1. When the Cα centres of region E:115-137 and region E:188-202 are compared, how far apart do they sit, in Å?
2. Where the centre of each part is set by its Cα atoms, how far does region D:1-60 sit from region E:74-108, in angstrom?
3. Can you send over the carbon and sulfur percentage of the accessible area for region A:1-67, probe radius 1.4 Å, protein chains only?
4. FRET efficiency for D:LYS219 and D:ALA13, Cβ-Cβ distance as r, R0 = 51 Å, nearest 0.05?
5. Can you list the HN-Hα couplings for region F:164-179, worked out from phi with the Karplus curve (6.51, -1.76, 1.60; θ = phi - 60°), rounded to whole Hz and with x for Gly and Pro?
6. Considering the dipole of region A:35-155 built from charges on the beta carbon (Lys and Arg +1, Asp and Glu -1) around the Cα centre, which of A:VAL139, A:VAL75, A:GLN54 is farthest to its positive end?
7. Around F:GLY67, under 13 Å between beta carbons, what's the net of Lys plus Arg minus Asp minus Glu among the other residues?
8. Add -39500 (n - 2.57) for each DSSP H run of 4 or more in chain D, then divide by its residues: what number comes out at 222 nm, to the nearest 500 deg cm²/dmol?
Number of protein chains: 6
Amino acid sequence: MRLLLVNPNTTAAVTGTVMRAAAAVAAAHTELVGVTGGFGPAVIGSRAEEALAQHSVLQLVADHAAGCDAVVLAVSLDTGLWACRELLDIPVIGMTEAGLLMGCTVGTRLGIVTFEHRMQAFYRDLAERHGMASRLAGVATLPVPAERIFDDPQGVHGEIVAACNRLVEQHDAQAVLLAGAVLAGLQPALQADVPVPLLDGVACAVLLAEARATLRLPKARAGSLSPTGGRRVHGVSPALTRLFAGQP
Amino acid sequence: MRLLLVNPNTTAAVTGTVMRAAAAVAAAHTELVGVTGGFGPAVIGSRAEEALAQHSVLQLVADHAAGCDAVVLAVSLDTGLWACRELLDIPVIGMTEAGLLMGCTVGTRLGIVTFEHRMQAFYRDLAERHGMASRLAGVATLPVPAERIFDDPQGVHGEIVAACNRLVEQHDAQAVLLAGAVLAGLQPALQADVPVPLLDGVACAVLLAEARATLRLPKARAGSLSPTGGRRVHGVSPALTRLFAGQP
Amino acid sequence: MRLLLVNPNTTAAVTGTVMRAAAAVAAAHTELVGVTGGFGPAVIGSRAEEALAQHSVLQLVADHAAGCDAVVLAVSLDTGLWACRELLDIPVIGMTEAGLLMGCTVGTRLGIVTFEHRMQAFYRDLAERHGMASRLAGVATLPVPAERIFDDPQGVHGEIVAACNRLVEQHDAQAVLLAGAVLAGLQPALQADVPVPLLDGVACAVLLAEARATLRLPKARAGSLSPTGGRRVHGVSPALTRLFAGQP
Amino acid sequence: MRLLLVNPNTTAAVTGTVMRAAAAVAAAHTELVGVTGGFGPAVIGSRAEEALAQHSVLQLVADHAAGCDAVVLAVSLDTGLWACRELLDIPVIGMTEAGLLMGCTVGTRLGIVTFEHRMQAFYRDLAERHGMASRLAGVATLPVPAERIFDDPQGVHGEIVAACNRLVEQHDAQAVLLAGAVLAGLQPALQADVPVPLLDGVACAVLLAEARATLRLPKARAGSLSPTGGRRVHGVSPALTRLFAGQP
Amino acid sequence: MRLLLVNPNTTAAVTGTVMRAAAAVAAAHTELVGVTGGFGPAVIGSRAEEALAQHSVLQLVADHAAGCDAVVLAVSLDTGLWACRELLDIPVIGMTEAGLLMGCTVGTRLGIVTFEHRMQAFYRDLAERHGMASRLAGVATLPVPAERIFDDPQGVHGEIVAACNRLVEQHDAQAVLLAGAVLAGLQPALQADVPVPLLDGVACAVLLAEARATLRLPKARAGSLSPTGGRRVHGVSPALTRLFAGQP
Amino acid sequence: MRLLLVNPNTTAAVTGTVMRAAAAVAAAHTELVGVTGGFGPAVIGSRAEEALAQHSVLQLVADHAAGCDAVVLAVSLDTGLWACRELLDIPVIGMTEAGLLMGCTVGTRLGIVTFEHRMQAFYRDLAERHGMASRLAGVATLPVPAERIFDDPQGVHGEIVAACNRLVEQHDAQAVLLAGAVLAGLQPALQADVPVPLLDGVACAVLLAEARATLRLPKARAGSLSPTGGRRVHGVSPALTRLFAGQP
């Protein structure tokens, strides 16, 4: 099985972090392919950067999805998720979506920890768009930007653990999702300090993508996610133009 | 007052339709500026095209918002709405958002009529994201693509009227929003054939944008919609790069 | 345009406050007519007073709506809103409704500040009846009655600012509505001390009423808000009796 | 136990219907006192009439609640319910509220049958305000005004049975509430023709009022429903003025 | 009237507590029959024990419901409620359900106090399953197991009062339900120390059961709660086998 | 990996059906162990049978979970799901839960097809308890009992296809879950006749159980799903008594 991991920001180090987390859980026969955005935000830390990254996600799947069996969106805002599901014939899984869905099998109430207080409302909205409003215990944000983890990992780890424990004690969270591509792979290091299971979005997404590929479900032939039947777009790359046009 | 109307698709005829609908309600002292997408979808008829159009919206406001007092997104999916609110210091209003908000002063239950059955779920989701789930009577879709209105306007008018009446009779809609930039300006022609008020998203958005500009509310200095403080993006236009960087 | 502002309590000073706030935003060509309740509560500070004020609202519109182009209910509980919409052929806008609707264009999560802790549940219910449950960040109440603002304005201003800041810091409010007719016009004085936009219900309602009048929507001919077709009432004023009877 | 049944419309025949239904279920030791509105709507068939009837309800309890152990609001819109709960020290029960609450012990999904298509949205809103949105299977309205039942009872009975059966077959209703004071007492006559239990709001309210009186719960001393502490109102009856003032 | 009170745990002392609370409110002509589980959990303090107690509830009604006019489930998790409603022809009332329904006539927002922090999420879910999500102010749990009340009643009383007051002050609860069969009968002793009405689930359930029996509603002949028509079960008691088979 | 599939009804043929469906998707290294209820309902077709089956589920995991890496509840009502999660240290997955969670990666709106019209409300409630209310397009029930599939498979297949297509055409379902253990394994045979993906709950559950086992999440040490710390139960099997007591 060939699995495409899409990091729409332009920071290759994030792709590296994601690939290591993916490799830790992927099946032996799964080949992992990681790609990094060629344009767009350096790191997504606002709604505006997320909007711009939608184009980057589309460009990356247009360039790299051919020959893959499934796609993981390695961006914690699940940017472009349903657009990709519409355009592609293969399963597409978002990392925060995956963490929340898998989390539903772990606890009735889920917490989310992420960076940037300004994104708290966005993550709450995202959880609601995934239909998880009734499962959300709360969103805790760290008082530092995502980039800090490269400079001061121990300091950030301490902040994460504290935030997780607040979600458990004050909001009755029964599991906590570490939301952020740069947080991929941290669960083993932090789990001992938090009394409920920690969820890694990338790990969950890789496993769900493998599961979806195993199911071999067909593309919908009717309804909201059926092929668009060929749409015209202008001024974008030839690969993306062909993808919209429905050409192989 | 100078009002920017943003049509992120590349079809200038749609911008023309929008401008005529806007002019019909704008205040005498309001100057209307309409701009058309330089790249992206010809017409938005799928989730994927909507995702791509986010970049187009950002590009258009980066190029044209300076010197304006407010922005109207003349795209019925309210593409890039919160991203623009985050980036800009002036009010930004989406046309479907505006139609729904204004509709809340008209009836307790609102219907939506639009093109493309595949977009029914998207519009329902959009209404929910606007917090309007409890006000939505239903979404009726026309069995033709949006482009048809240029070829067979009378036929499409008949379909719209029939859909509105179904929403009134079967779903208890007390007002109906005509959702689609190409439907802007149709309300006067169709109103007599529908027993409840018809809402024109562009007209509502222009009036709300004028109202918001009159209120002279400041940009938030804290929280989810405060200035991002300078974000780095790569491979996009200089104007958009400067907008993300927070440079005038 | 002639705009009727209805204050159903019997305190003329409140009408004065409301008229000043309205005049600050109304269009040059808008004539403002303010009326004060002839019977009913001195100030509305409980559910029971709100119930009684419904009659007062109906009486005021029966006496004064003729010849007007729109009505603003200058009572922060939006008393009699849908009843008036049913009876009248012109737009009717509630001040808290207007503040919430306009606020939806400002932030994804809205706070409300008002007087009287006992009314906290009422405002929450009111926001839910307006379909705004998912947009409500919280309701903060001041530990003083509404009348206090006439005696100790500076003290009340300090309480309001503190309450707004609590809503921003603890509940992630991105905008705050000052709910209370006696709070009309305070936004300019308090805005500098609060880091998110403050919404003035009366100002929002005046602008929405003007917008609605500009749209020239017809009265519904079918459904829940169509004319009642003549209803018999007893023991009330001749003007109100005629209004119920559907007589001009 | 002395139970006050309040019919705020001015039609004494409706009070008679209500009293017979109440007598059929009241305990042997319960004394029933029925009162009819002295002013207001002849029959409530619109939102505007409901708004006016709030004053009538308040007037009736001001005049008649003294010496009673509980109050039943014999008006299917539960007019003035929370206002009365705030003002009075004794239990107050609404007939539609009672039917819905009792219905929750009968089925997971409840239907409502009532008159006047225009009131369908109102009853749906009412059920939601009672927190019953998730329990509501649907609201079916009869294509005749409430007054018709006095002229053509058999015809109306047939319409009711048909509506109940539609709610069962198409909306999976497991019990149906006959909402309308004029429908009080009909359950025995119609039950055989409907395959799920029929709920009589007046009967349910009388039994809940007796139950609440038996519990001997105190008036809240804090919060939203505590005594208002004396409120000033003008231009209403002396009894109502005293009730607002908190004077015995 | 003969009323069966079902305590599915195996602790007879709990049945005694329940019977005293029931006797305090039951009508003079009501005969109370209390039964205790013959197998299953000693006290229910987890989801697993609740699951096991479902069998115990079914066994008890199979053995004892014949000849009764209604059943009260004297277990605060309302264990087996809808299963019993399906199997039996007589009304069945859960004690927490009853407390919440009766509470809806007392306040718009209800608090719940119970034992065991681990059950907080369960009670919240239970309230939601009863359709009470919008009425729930909060769930406060005592930091002691239910059994403690037999050893240190005064200490537990103090904890309950403190928890009630937190729900009033911090969560705007207008009434509080004491959830737990071992808490039955405590309301009179604790009421003076809490400023809002306290609800006793057993008392409420007895009164609702009497009310339901008085209504004489028929068993549904169609839909989700109609007789199952004879179902085969294996390896359970003869009485339970006959009950499933639909044999008298 | 050793995976326990629990069929709590007493019909071994259903276990056989489930095992074949599981084997079709399980990883090569996964060992599947299927167990059938020793007492309880022959087939679950009512709420009462589901209640009884809770004991059967607990008994089966007490007898067979030791040495397994995960448990799949092969009963479409997800009977005993959270009870098992509380008692066991290994992942537990319900088949309908799994179908809905996996379905969330396939479409925004999901349909459910199952047997027995009386269970429609139960499945809707179940979806809501899983937090999926906003994702549920509808529940379609077949007009035959589950047992029919053994006698007339082709006839039942036709009914299923028709129900799926109704959900797609009338309710905008983008994927449909075949809910019922006896329907396990049917997806390949029916997929060609339905234009949207069909979900097999057992297949989804096996894949999710494997994924969860791969994640190696620890048992919660705090909160609602932490070990119960030893609970006393009476009159049940020694193995179940030991499981409740927390003894290995």
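1. After rounding, the separation between the Cα centres reads 19 Å.
2. 30
3. Details: 1070 of 2000 Å².
Roughly 53 percent of what the probe reaches on region A:1-67 is carbon or sulfur.
4. Rounded to the nearest 0.05, the efficiency is 0.90.
5. Karplus-based 3J(HN,Hα) across region F:164-179 equals 4, 5, 4, 4, 6, 6, 9, 10, 6, 5, 9, 7, 9, 8, 7, 9 Hz.
6. A:VAL139
7. -3
8. Rounded to the nearest 500, it is -13000 deg cm²/dmol.
The values are calculated or read from the model by the stated rules, or taken from the named source; none is laboratory data. These figures come from a predicted structure and were not determined experimentally. When we count neighbours, we look across all protein chains shown, and the Cβ atoms used for this are built from the backbone with ideal geometry, even at glycine. Accessible surface is based on the protein model in full, side chains and every heavy atom, while ligands, DNA and RNA are left aside. Shrake-Rupley method; radii C 1.70, N 1.55, O 1.52, S 1.80 Å.
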